[in-house]
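Colleague: Let me begin by handing over the structure; questions about it come next.
The values are calculated or read from the model by the stated rules, or taken from the named source; none is laboratory data. Just so you know, these numbers come straight off a predicted model, no measurement behind them. No Cβ is skipped: glycine too gets one built from the backbone with ideal geometry, and neighbour counts run over all protein chains shown. All accessible areas refer to the heavy atoms of the entire protein, side chains included, with ligands and DNA or RNA removed. Shrake-Rupley method; radii C 1.70, N 1.55, O 1.52, S 1.80 Å.
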Amino acid sequence: MQATLMLLLMLSAPTPFSDAPSVEEAANNYLKAVGGAQKQASISTLKLTGMYVYNGIEHPMVIHRKRDDKVRFDIQGLNRFGTQFSPEIKVVRAYNGKEAWGMGESRQSKGAYALPAEAAATLKNEAPFECPLVDYKKKGHKLLMVGSADVDGADTWHLEVTLAGGGKQHWYLNKKTWLPAKMAVEGAGGRFAPGSWIFDEWRKVDGIMIAHFVFMEEGIFSREYFIEKVEVNPTVQDSVFNKPAS
Amino acid sequence: MLLKGLCLITMTALLPVSAADWLQFRGPNRDGVAIEKGLLRAWPEGGPKEFWRVPVGAAFSAISVEGDKLYTMDSDDAGEYVLCADAKTGKTIWRTELDALFTNNFGNGPRSTPTVEGDTVYALASRGTLAAVNKADGSLIWKTDIKTFGSEIPTWAFCAAPLIVDDQLILETGGKDGKNLVSFNKKNGEVNWTASNDDQAYSSPVLMELGGIRHIVALSKEHIAGFTLDGKEMWKQAFVQELGIKPAPPLIIEGDKIFVSASYDAGAKLVQLKASGGEIQSESLWEAKVMNNHFNGSVAQGRIIYGFHKATFKCMDVVTQEQKWVKRGLGKGSLIMSDGLLFVMGERGRLVLVEATPKAYTEKGSMQVLTGRCWTQPTLSNGVLYVRNNKEMVALKVK
C-alpha cells in the first residue's frame, strides 16, 4: 500500500526540470540573446579595454580577441604576487590557438616564455571567440540539460557541455534573459587555477551583448574584470597573438 | 521570553557609557554594529557630505572615537605611531611613537586598532610593542614587548586589538608554552595570567556573557575557545587547525552561539554554547565553506549575517547556511551596521550604503570616497562615518 502510494506520488509529481527547454532550444535562445547568429557571425575581432582588479589594486587592461580562439591580455602594473601597482611591469598572456605564452611576470623575467600547464589551461578556457553553445553540433560538442540552478540569486538553466576536444564545462543561462550567469570548468579550480567565471552587467554594443563585469574565482583567490570600452571588429593582426622570438 | 531577556541583559552589560562612541576595534561590542539612530536612509548623488579629508601615514589600523576625539595608528619612514585627532577637523592633536616601522609589500605600518578606556588609549604596534598612553596628551603610561612571551613577529605583523575587561587588558600574543593569550594589568602592564598553548592567528578576542557568566572568546590557529576572566579554559572547538591566518574575530550570534570564519578556503563554523552550573559547554552546529571572511569580520542581525565571502559580499542565514543574496564587484571589502543599514567599504574605495535585509541587495547610495587598496573597516560615531586607507582619512556626515 505504502509502495503504491509512493509510486503514485512519484508519477504525479513533476520532474525537477519538467519545464526545461531542450538543449537545442537553450542554445538557440542563448544565441538570440547575445545578438543573433547573423550578427555573431559578422564579428571576427574584439578589443576590450578596462580594469583588471587583483588584491584590491586596479590594473589597466586590454584584451584582444580574434576568431576562432585567439586571445591576448595586456595588464599594466601587475607584479607576481599582486602586492602593489608596479608601473614598470606589463604582463602579457596570450594564446594563438596553438601556443599559450606569457611575458613580464616579474622585474627579473625577460622575454616571452611558454606558460606553465595550469596557466595555459586557464587561457585556453578563455580563448574561444564563441561560447561552445554556438553551433555546438557542428563543433562536435555534446550538451546535456542538467536542470535549474541558482547563481547569485538568479534562476538559471544549467547545461553541461562535453567539449569535442575533451573536458567539460558547465554553463548557467539566466532563465529570463538567456544570457550566461556563470561558466565553470570541471576538474579545474585548484589552489590557483580558475574554476568559474561569473558574468554580469551585460550591455549591448554594436548589436551584440557583452558582459562588462567578469568575476573569476581561482581556487582561494579571485580576480575581477571591469570592461569600460568595447571595440567591435577592430583591425587586429594575427601576429599580436604569436609569441615573440626570444 | 526568558532567553530574550537574558540576551538584552547581555547586550546592555557590554555597552559603554555613551552608545554613540566607538571605543575599540569593531565598535561598542566588537561586532561591527554601531548603536545609532536617525541615520540618512539614502544618500544624495555623489554621496554624503564630506566634513573633512586629511592625509594619514600608512596603516591598516581602524579608527576609534570618543566624543570629539578620534584615535588611530599610522606610520612614517621612522616609525609607527598612535595618534589622536580632532573628530571635527581631522587635525592631529598628539602623535606618540611606539615602535620602528614594519614594512610589507602589501602595505606598511600598524594593523591593530587602538582601544580607548577611561583616561587611557591602548595600542599595539606591528613589531609587538603594547602601550598605554595618556588620552589627553599621548604621554606614555607604560609599554611592554609581547615578544617576551616567546613569539616572533608574524609574517603579517602583530594585528590583534587590545580587549579591556574590568582592570584587565587581554590580547593574543603568539606566546609559547601556554602564553598565547595574556592578561595584563591595564594600569601598569604587569601580567595577570597567561593561557592557551595554541598558536596565534592574527585574531582579536571578544567578551561574551552567557547565563550570567562573562568570559573571553578567543580564536587561535587551532581552536575557537572560551576562557574565564582569570584565564582558565572553559570550552574549545577545533577550527581548521592548519591555518594560522584568522583575522576576522569571533562573532556572537543570538547571544548563545559563536560564528568564526577565515579565508584561504577555510570556511566557517557555528558553535552552540550552553551555560549550566557555572560552566559553559560547546557543541559544533556546523562547519562548512559557505563564508570565507578574509580580512574583516561579518556582522549579525539576529541569525542573518552579512560579510565578505572572499571577494563576494554575501548575506546568509547563519543557522541554516542558506544564502540569501550575493553582490560582487566590491572585492574583499569590509562593513559595519547600524539602524538597519550596512556601510560597506569596497576594496577599491567605493563606499556603499545598503539596506540590512535578507530580502535583496538594495543600494541606497554610493560614492568613490578613497582610491587604492582599502582594507580598513569604517567607523560610525555620533552620526559621522570615518573611513581611511594608507594615505587619507575622511569624515562623512551620515545623519
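For (1) part of a loop (DSSP other than H, G, I, E, B); (2) open to solvent by less than 50 Å² (accessible area, probe 1.4 Å); (3) not basic (Lys, Arg), each residue gets a yes or a no:
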position: B:ALA58; (1), (2), (3): yes, yes, yes
position: B:VAL65; (1), (2), (3): no, yes, yes
position: B:TYR71; (1), (2), (3): no, yes, yes
position: B:THR89; (1), (2), (3): yes, no, yes
position: B:ARG95; (1), (2), (3): no, no, no
position: B:LEU98; (1), (2), (3): no, yes, yes
position: B:GLY109; (1), (2), (3): yes, yes, yes
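Colleague: Has the range A:118-128 got at least one residue that is modelled with pLDDT under 90 and of a type in the set (S, T, N, Q)?
Modeller: Yes, some residue in the range A:118-128 is modelled with pLDDT under 90 and of a type in the set (S, T, N, Q).
Colleague: From the list B:ASN105, B:ASN134, which one is modelled with pLDDT under 95 and open to solvent by 40 Å² or more (accessible area, probe 1.4 Å)?
Modeller: B:ASN105
Colleague: Kindly indicate whether any position in the range B:244-257 is of a type in the set (Lys, Arg) and within 18 Å of B:THR113 (Cβ to Cβ).
Modeller: yes
Colleague: Can B:SER203 be described as outside any loop (DSSP other than H, G, I, E, B) and open to solvent by less than 10 Å² (accessible area, probe 1.4 Å)?
Modeller: No.
Colleague: Here's a follow-up. Scan (1) at pLDDT 90 or above; (2) more than 14 Å from every other protein chain (Cβ to nearest Cβ) for the single condition A:ALA149 breaks and write down its number.
Modeller: Status for A:ALA149: all satisfied but (2).
Colleague: Continuing with this model, one more query. Determine, yes or no, whether B:ALA248 is away from chain A (no Cβ under 14 Å) and either more than 27 Å from B:GLY175 (Cβ to Cβ) or without any contact (Cβ under 8 Å) to a residue 12 or more places away in the chain (or both).
Modeller: Judged against the criteria, B:ALA248 is not a match.
Colleague: Among (1) part of a strand (DSSP E or B); (2) open to solvent by 20 Å² or more (accessible area, probe 1.4 Å); (3) more than 10 Å from chain A (Cβ to nearest Cβ), where does B:LYS324 come up short?
Modeller: Evaluating B:LYS324 over (1) part of a strand (DSSP E or B); (2) open to solvent by 20 Å² or more (accessible area, probe 1.4 Å); (3) more than 10 Å from chain A (Cβ to nearest Cβ) leaves (3) as the failure.
Colleague: Of these, B:ALA100, B:ALA136, B:ALA131, which one is within 22 Å of B:ILE216 (Cα to Cα) and away from every other protein chain (no Cβ under 14 Å)?
Modeller: B:ALA131
Colleague: Condition check: under 20 Å from B:VAL116 (Cα atoms) and surrounded by fewer than 24 Cβ atoms within 10 Å (Cβ to Cβ). Does B:LYS176 satisfy that?
Modeller: Against the criterion (under 20 Å from B:VAL116 (Cα atoms) and surrounded by fewer than 24 Cβ atoms within 10 Å (Cβ to Cβ)), B:LYS176 does not qualify.
Colleague: From (1) at pLDDT 90 or above; (2) of a type outside the set (A, V, I, L, M); (3) surrounded by fewer than 16 Cβ atoms within 10 Å (Cβ to Cβ); (4) not in a helix (DSSP H, G or I), pick out the condition that doesn't hold for A:PRO132.
Modeller: The number of the failed condition is (3).
Colleague: When residues of the range B:275-309 are filtered for being open to solvent by 60 Å² or more (accessible area, probe 1.4 Å), assigned to a strand (DSSP E or B) and small (Gly, Ala, Ser), how many remain?
Modeller: Result for the range B:275-309: 1.
Colleague: Restricting the search to the range B:262-274, which residues are open to solvent by 50 Å² or more (accessible area, probe 1.4 Å) and of a type outside the set (D, E, K, R)?
Modeller: B:TYR264
Colleague: Here is a follow-up. Mind checking which residues of the range A:45-84 are within 14 Å of chain B (Cβ to nearest Cβ), in a strand (DSSP E or B) and either surrounded by fewer than 19 Cβ atoms within 10 Å (Cβ to Cβ) or not aliphatic (A, V, I, L, M) (or both)?
Modeller: Result: A:GLY50, A:MET51, A:TYR52, A:TYR54, A:GLU58, A:HIS59, A:PRO60, A:GLY77.
Listed here are the residues, each with its yes/no results for (1) within 14 Å of another protein chain (Cβ to nearest Cβ); (2) modelled with pLDDT of 95 or more; (3) open to solvent by 20 Å² or more (accessible area, probe 1.4 Å).
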{"site": "B:ILE336", "(1), (2), (3)": "no, yes, no"}
{"site": "B:VAL352", "(1), (2), (3)": "no, yes, no"}
{"site": "B:LYS364", "(1), (2), (3)": "no, yes, yes"}
{"site": "B:LEU370", "(1), (2), (3)": "yes, yes, no"}
{"site": "B:THR379", "(1), (2), (3)": "no, yes, no"}
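Colleague: What residue, of A:GLU224, A:GLU201, is at pLDDT 75 or above and either crowded, with 16+ Cβ neighbours inside 10 Å or facing chain B (nearest Cβ under 8 Å) (or both)?
Modeller: A:GLU224
Colleague: On the basis of being part of a strand (DSSP E or B), more than 14 Å from chain B (Cβ to nearest Cβ) and either crowded, with 16+ Cβ neighbours inside 10 Å or not hydrophobic (A, V, I, L, M, F, W, C) (or both), does A:GLY165 make the cut?
Modeller: No; evaluated as a whole, the condition is false for this residue.
Colleague: Follow-up. With (1) in contact with an Asp or Glu (Cβ under 8 Å, 6 or more places away or on another chain); (2) assigned to a strand (DSSP E or B); (3) of a type outside the set (S, T, N, Q); (4) open to solvent by 50 Å² or more (accessible area, probe 1.4 Å) as the list, and B:ARG214 as the residue in question, which single condition is left unmet?
Modeller: All conditions pass for B:ARG214, except number (1).
Colleague: Let me ask something additional. Is one or more of the residues making up the range A:210-220 within 14 Å of chain B (Cβ to nearest Cβ), open to solvent by 30 Å² or more (accessible area, probe 1.4 Å), modelled with pLDDT under 95 and over 13 Å from the mean Cα position of the chain (by Cα)?
Modeller: no
Colleague: Ok, one more. Which one is farthest from A:ALA41 (Cα to Cα) among residues in the range A:85-95 that are open to solvent by less than 50 Å² (accessible area, probe 1.4 Å) and away from chain B (no Cβ under 14 Å)?
Modeller: Restricting to residues being open to solvent by less than 50 Å² (accessible area, probe 1.4 Å) and away from chain B (no Cβ under 14 Å), the top hit is A:VAL91.
Colleague: Among the listed residues B:PHE313, B:PHE259, identify the single one that is open to solvent by less than 10 Å² (accessible area, probe 1.4 Å), within 14 Å of another protein chain (Cβ to nearest Cβ) and part of a strand (DSSP E or B).
Modeller: B:PHE313
Colleague: Tell me which of these B:GLY331 doesn't satisfy, since it passes every other one: (1) of a type in the set (Gly, Ala, Ser); (2) in contact with a Leu (Cβ under 8 Å, 6 or more places away or on another chain); (3) within 14 Å of chain A (Cβ to nearest Cβ).
Modeller: Only one criterion is unmet by B:GLY331, namely (2).
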